[in-house]
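The next block holds one structure in the form of structure tokens; read it before the comments.
The values are calculated or read from the model by the stated rules, or taken from the named source; none is laboratory data. Bear in mind the structure is a predicted one, so any value in this text is a computation, not a measurement. All Cβ positions, glycine included, derive from the backbone under ideal geometry; neighbour counts span all protein chains shown.
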Amino acid sequence: MSEEVKSLNFIEHIIEEDLANGMPKDQLRFRFPPEPNGYLHIGHTKAIGISFGLGEKYNAPVNLRFDDTNPTKEEQEYVDAIKRDIQWLGYKWENEFYSSDYFKQLYDWAVKMIKEGKAYIDSQSSEDMAEQKGTPTQVGTNSPFRNRSIEENLDLFTRMKNGEFPAGTHVLRAKIDMEDPNMLMRDPIMYRVMHAHHHRTGNDWCIYPMYDWTHGESDYIEQISHSLCSLEFKPHRKLYDWFKEQVYDYSSNDYPLIPKQREFARLNLSYTIMSKRKLLKLVENNVVSGWDDPRMPTISGLRRRGYTPNSIRHFIERVGVAKRDNVIDVSLLEFCVREDLNKIAPRVMAVLDPVKVVITNYPEGKEEWLDAENNPEDESAGNRKVPFSREIYIEKEDFKENAGSKFFRLTLGGEVRLKNAYIIKAESVVKDTEGNIIEIHCTYSGDTTKKVKGTLHWVSIKHAIKVEVREYDRLFMDEAPDSHPGKDFMEFINPNSLKIVNALVEPSLAEAKIGEQFQFQRLGYFNVDNDSAPDKLVFNKTVGLRDSWTKQKPKESNTQNQQKPQQQSQRKAINVIQQLGKKYTNIPEEKQLKAKAEIQELAKEVSYDELEPLFGTAVKKAGTRIAAMISLKVMLQNGLDKNEAINEFIEKALEDKNELLVAEAKAI
């Protein structure tokens, strides 16, 4: 078996088997059929990726079909948004169709079913019909209207179409079997009366087909070879096939191919709501600013936040195609965008919480324009000039009057390197009447070859641009906010999901355009928001440089599980990092991501002197060296300066055969 065949997912295996059994390849056709009653969200990207991905793999057409059979909930706004989102993800559809294109054909087929005694008009209330439906363990009972004459059924159906009856008086039901174990087969409704304006057909129709009747028949009309949907539709497959068999008898000459429905596991994401109804509630209750609020899991929200099409497609590839539902950790999605932006986002300097630094031995009035690398991951990105002057801003948290050995940033009497500039030494501070530090007085050294541990970002006060920064975090504090019986998902809203700050950025950002993405060095990835104006730039935080949520997860409540974290916390952080490293290369990718996040948190508790001995780990112990590289990156981001030992460790890693180690080294 070839490597390609081994890597096929179960849907591709089905297709390959069909082709091997004689299906012509030119008969392959797929579709993505969203209902235009809301915005697409991250959950839809799996269905989009599967259908359009198969289209790309087999060079087969993919239709975009809007399932527009419920005019009370559907709007043109949603149609436009769905098309925009799919195009943004980089996919192209062959044809744009609407279920409403087939209303006349569906009606004609329904009339034929009535004439053959396979459908009837039921005039009961919805409550009575529900009661007669039975339960999964109890068979249903027949409607008193089940044996209406064909003539009466045709007459009533025609009058329903002509608008003679109010909503709720009559429905058309398929006559199948009220004792079928599958409750969906117990005389399902095919049409209901609905006097509502349709966004495409206007007031032409006042009866509308139900999903199960429309869905399969639309696939059949379009000659879809493989109708792919999520697992919740698996019970519908029997009805899908039954309806298909009826219409095939009517139109086999026009539509010779019978579609095949197959189901895959839907995408569930931790800390995320996927229900359109619940997302709409967030919008209507003003919890968020709209469907494209950067905290929303909608594709438009992710786009506005700064996620890239490539990162989302890569995420879907990593999630894969499965037959059983599971929950994917949202940190995998965040990892994918972090990985993508690391390659493409220009590095710039921004200070979100500034404190003033005066360099006392730097001449007043002097300014220099220094070279700064735009992106170490992309040689073609080139350099830019950043201004330096006597007075600069640094982050408040980058200075402590007194600090321990693990603090690599600026302290009184200590030295740090200013990124792309000089080395400075803190000599004294100025405080206000409440004891808050308002100025740090430093001296600088022109000898930039000097070895110091910390590197800080900064901006020149004279040249800095004032901007608004919206620091976004996860919208929910609970991993599964809609899974708690008796509790409203709204109870788990994160009150700190948005923090707005007035920040200062380097002047190279003055011409930044809406949508452009940057790495604010040592802070995270940010993009220019739609609300920006020429005189007021607004930046959204896309994602931090590392996962900040790992340490916040609740501990297990039972006593047995409490003992293990206790024992682990008594061990030194560096020892735990080594232990995680030993098994790192032998665990699946999703567990690697969790281990990596844990290593990143532990690295904050480790000193450089503890880490350096791991640089000499034997070549065959790749996992330990990977853990050391991950920890080193955290230290460098927190201000540790590179030295000969660090450079040598990175250079050796770049030449290693282990791809994971090489990737971590490249990230530094």
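Take region 449-460 and flag every residue that is surrounded by 13 or more Cβ atoms within 10 Å (Cβ to Cβ) and closer than 27 Å to L632 by Cβ. If the condition is that a residue be surrounded by 13 or more Cβ atoms within 10 Å (Cβ to Cβ) and closer than 27 Å to L632 by Cβ, then V452, K453, G454, T455, L456, H457, W458, V459 are the ones that fit.
Has region 572-587 got any residue that is modelled with pLDDT under 85 and not in a loop (DSSP other than H, G, I, E, B)? For region 572-587, residues modelled with pLDDT under 85 and not in a loop (DSSP other than H, G, I, E, B): absent. Of the residues making up region 58-100, those that are part of a helix (DSSP H, G or I) and over 30 Å from A20 (Cβ atoms) number 15. For region 437-456, the criterion of being among the basic types (K, R) and in contact (Cβ under 8 Å) with a residue 60 or more places away in the chain is met by at least one residue. With respect to E479, is the statement that it is surrounded by 15 or more Cβ atoms within 10 Å (Cβ to Cβ), within 21 Å of the chain's Cα centre (by Cα), under 30 Å from K281 (Cα atoms) and at pLDDT below 95 true? Judged against the criteria, E479 is a match. Looking across region 520-549, just one residue is of a type in the set (K, R) and within 15 Å of S508 (Cα to Cα), and that is K536.
Scanning region 418-444 for residues that are among the hydroxyl-bearing types (S, T, Y) and either exposed (fewer than 15 other Cβ atoms within 10 Å of the Cβ) or outside the structural domain of R522 (by TED's automatic domain parsing) (or both) yields S428, T433.
Scan region 448-463 residue by residue and report those that are of a type outside the set (V, I, T) and farther than 27 Å from P507 by Cβ. Scanning region 448-463 gives K450, K451, K453. Of all residues in region 637-649, those satisfying the criterion of being surrounded by fewer than 17 Cβ atoms within 10 Å (Cβ to Cβ), of a type outside the set (D, E) and in a helix (DSSP H, G or I) are A645, N647. For region 28-57, a residue qualifies if it is assigned to a helix (DSSP H, G or I), basic (K, R) and touching a strand residue (DSSP E or B) at 6+ places or on another chain (Cβ under 6 Å), and exactly one does: K46. With respect to the conditions (1) assigned by TED's automatic domain parsing to the domain that holds P136; (2) within 20 Å of F103 (Cα to Cα), I224 lacks only one, and its number is (1).
Just one of the listed residues (T169, T158) is touching a residue at least 12 places away in the same chain (Cβ under 8 Å) and among the hydroxyl-bearing types (S, T, Y), namely T169. Pairs are defined by a Cβ separation below 8 Å, a sequence spacing of at least 6 or placement on different chains, a first member in region 596-624 that is under 18 Å from N643 (Cα atoms), and a second member that is in a loop (DSSP other than H, G, I, E, B) and of a type outside the set (F, W, Y); the pairs so defined are V606/K406; S607/S405; S607/K406; Y608/K453; D609/S405; E610/K572. Selection of region 490-545 for residues being in a loop (DSSP other than H, G, I, E, B), buried (at least 18 other Cβ atoms within 10 Å of the Cβ) and over 22 Å from the mean Cα position of the chain (by Cα) yields E506, A512, Q521, R522, S532, L537.
Total residues in region 362-412 satisfying the condition of being surrounded by 15 or more Cβ atoms within 10 Å (Cβ to Cβ), among the aromatic types (F, W, Y) and more than 27 Å from V501 (Cα to Cα): the figure is 1.
The test for being over 18 Å from I650 (Cβ atoms), assigned to a helix (DSSP H, G or I), outside the structural domain of C336 (by TED's automatic domain parsing) and among the hydrophobic types (A, V, I, L, M, F, W, C) does not hold for A627. What's the number of the condition T137 fails, among (1) loosely packed, with under 15 Cβ neighbours inside 10 Å; (2) modelled with pLDDT of 95 or more? Every listed condition holds for T137 apart from (2). Selection over region 435-476 of residues that are modelled with pLDDT under 95 and of a type in the set (D, E) gives a count of 2.
Give the number of residues within region 429-474 that are of a type in the set (K, R), in a loop (DSSP other than H, G, I, E, B) and over 30 Å from F539 (Cα atoms). Counting residues in region 429-474 that are of a type in the set (K, R), in a loop (DSSP other than H, G, I, E, B) and over 30 Å from F539 (Cα atoms) gives 3.
Looking only at region 37-52, decide whether some residue is within 17 Å of Q261 (Cα to Cα), in contact with a Lys or Arg (Cβ under 6 Å, 6 or more places away or on another chain) and either surrounded by fewer than 19 Cβ atoms within 10 Å (Cβ to Cβ) or at pLDDT 95 or above (or both). Scanning region 37-52, I find no residue that is within 17 Å of Q261 (Cα to Cα), in contact with a Lys or Arg (Cβ under 6 Å, 6 or more places away or on another chain) and either surrounded by fewer than 19 Cβ atoms within 10 Å (Cβ to Cβ) or at pLDDT 95 or above (or both), so the answer is no. If you go through region 198-229, how many residues are over 22 Å from W93 (Cβ atoms) and acidic (D, E)? Selection size over region 198-229: 2.
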